[in-house]
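Readers should treat all values here as calculations from the given coordinates under stated rules, not as data from a laboratory. As the structure is a prediction and not an experimental result, all values here were calculated from the model. Neighbour counts run over all protein chains shown; Cβ positions are idealised from the backbone, glycine included.
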Amino acid sequence: MALLREEDRNALRQQFAALDEPVTLAVFTQEMECQYCRETRQIAEELAELSGKINLAVYDFVSDADQAEAYGIDKIPAISMLRGDENPTDYGIRYYGIPSGYEFSSLVHDIVMVSSGESGLSDQAKAMVADLQTPLHLQVFVTPTCPYCPQAVRLAHQLALESDLIQADMVEAIEFPHLSTRYQVQGVPRTVINETVHLEGAAPEAMLMAKVQEAVRQAA
């Protein structure tokens, strides 16, 4: 049974008609042990059917452990979004957990963004990211029913596209309760930067950049 309605598929076909470079969705799954692995893979499959510029690569988390290690995938279901089909560029954009509900819009947004290679950040934010010398890991905790979460996820992924030093993960809080407990996630979205710096809510770009600078200072 298809997850996407026909009217949604038609709208997405029109949106994806303007894609520039190919985008590869690298899906990591293990259907027998992962609650939402099948649905996550199906979402990626149905998106790939809508455009010749969306490629799909499916890996088993155990039997394809070398690929999981290469992409730094440590939990499933996971999607890594890459630009290109031969020797694709990995921007460090990750989805951990099913990108359903409001988060489906983040996935679509990222496909268009990665295809274009343009983050859409302000010139000031781009300049700050260009000066980075410290690796940053952003984890954005979300739930599918949170209408404010996509804004936080998109902004984190925009930063990842701008710098090889940044990895940004969407983490579905309910699917990974041990991480939600570890990072004291009591509401979403909650962004965790380098384990120690936290930001609550769908903050504007300037507020997130201030937190990024705080994380850089702590790492110095």
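Quick rundown of the values:
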{"read-out": "Size of electric dipole in the range 123-219: Cβ of Lys, Arg +1 and of Asp, Glu -1, about Cα centre, debye, nearest 20", "value": "180 debye"}
{"read-out": "Cα-only radius of gyration and Dmax that characterise the range 123-219, units Å", "value": "12.6, 37"}
{"read-out": "Reachable lysines, given that their alpha-carbon falls under 16 Å from the alpha-carbon of Lys75 and they are not under 8 places away in the same chain", "value": "none"}
{"read-out": "Computed over the chain, the ratio Rg/Rh where both radii use C-alpha atoms and Rh is Kirkwood", "value": "0.94"}
{"read-out": "Förster radius 45 Å - calculated FRET efficiency between Met32 and Lys126, Cβ distance, rounded to 0.05", "value": "0.55"}
{"read-out": "DSSP beta bridges in the chain [antiparallel fraction, %, rounded to 5]", "value": "50 percent"}
{"read-out": "Computed magnitude of the charge dipole of the chain (debye, nearest 20; Cβ of K, R +1, Cβ of D, E -1)", "value": "580 debye"}
{"read-out": "Leading residue at positive end of dipole, the chain (Cβ point charges), from Ile79, Ala203, Ala68", "value": "Ala203"}
{"read-out": "Cα-centre dipole for the range 24-72 with unit charges at Cβ (Lys and Arg positive, Asp and Glu negative), debye to 20", "value": "200 debye"}
{"read-out": "Alpha carbon Rg of the range 70-161, scaled by the compact-globule rule 2.2 N^0.38 Å", "value": "1.08"}
{"read-out": "Gyration tensor over alpha-carbon atoms, the range 1-118, equivalent ellipsoid semi-axes in Å", "value": "22, 18, 11"}
{"read-out": "Note, ³J(HN,Hα) from phi for the range 93-109, Karplus 6.51, -1.76, 1.60, rounded to Hz, x at Gly and Pro", "value": "8, 10, 10, 10, x, 5, x, 10, x, 5, 6, 4, 5, 5, 4, 5, 4"}
